[in-house]
Every structure is written in structure tokens, then in C-alpha cells.
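Each value in this text was obtained by applying a stated rule to the coordinates, not by laboratory testing. Everything numeric here is computed off the predicted structure, so don't read it as measured data. Here Cβ is always computed from backbone atoms with ideal geometry, including for glycine, and neighbour counts include all displayed protein chains.
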Amino acid sequence: MNNKVCRQRREYRATIPGADKATYRKKYDKAMSGRDPKAAIAAKCLDCMHWQRMRIRECPIVCCPLWPYRPFVGNGEAA
Ligand code: SF4
């Protein structure tokens, strides 16, 4: 991975907001490892909903390919 990609990912990671940002940054790291598809889906949905996990449950974009796999819709725990 080149320096530009590393810098872009580091800068993006630093923008993850909220009280749960440490948890979400770990999830982002797992997603970007390329070894955890569940973390990738969770990180994408969190990003899509501005890192507000309760909004994922109410996602109205039912045509999104990730919709059936959304995290935080069952028992409140991430995948
Ligand atoms: S399922 Fe909803 S929250 Fe997740 S990526 Fe798709 S549109 Fe965004």
C-alpha cells in the first residue's frame, strides 16, 4: 500500500466522530484489514449513517445491497 493510500485512510479514520469513536475506529481497522467482511459491512453502514448506529436500524434504503446485512438491528450488538 502506498503512502497516499495510508495517509487517506489515516485522515478518514481520524474523522470518525462520537462517544463511540474508539470502538468504531477499531471496527474500521478490522474492516480495512481485508479479513473481516462483517466489520466492513458495519463500518460502511456506520459511515453511511454518519456514525449514528441507531439510524442504521431505520435505514430507508431498502434497495441497498447491504440492507439485509445491516448491523445493530437485532440485539443492539455489532456483527
Ligand atoms: S444498508 Fe442503509 S445504512 Fe447500510 S450502506 Fe446501505 S443505505 Fe447505508
- Relative packing of 24-37, 61-74, which averages over residues the other C-beta atoms within 10 Å, highest first: 24-37, 61-74
- If you plug each phi of segment 63-70 into the Karplus form 6.51 cos²θ - 1.76 cosθ + 1.60 with θ = phi - 60°, what whole-Hz ³J(HN,Hα) values come out, in order, with x for Gly and Pro? 8, 5, x, 8, 3, x, 10, 3
- Taking other Cβ within 10 Å of each residue's Cβ, how do 49, 1 sort, fewest first? 1, 49
- Task: List, largest first, the extents of the alpha carbons of segment 3-69 along their principal axes, each in whole Å.
- Result: 37, 26, 18
- Note on the structure: Computed over the chain, the relative contact order (Cα-Cα under 8 Å, seq sep at least six) in percent reads 21 percent
- Give me the distance in nm between label points sitting 7 Å out from Cα along the Cα-to-Cβ direction at residue 73 and residue 47, one decimal. 2.0 nm
- Query: Nearest 20 debye, what's the magnitude of the dipole of the chain about its Cα centre given +1 on Lys and Arg Cβ and -1 on Asp and Glu Cβ?
  - Reply: 300 debye
- Item | Label-point separation, residue 55 to residue 32 (7 Å along Cα→Cβ), nm | 2.1 nm
- Message: At 222 nm, what value in deg cm²/dmol follows for the chain if DSSP H runs of at least 4 each add -39500 (n - 2.57) and the sum is divided by all its residues, to the nearest 500?
- Response: -15500 deg cm²/dmol
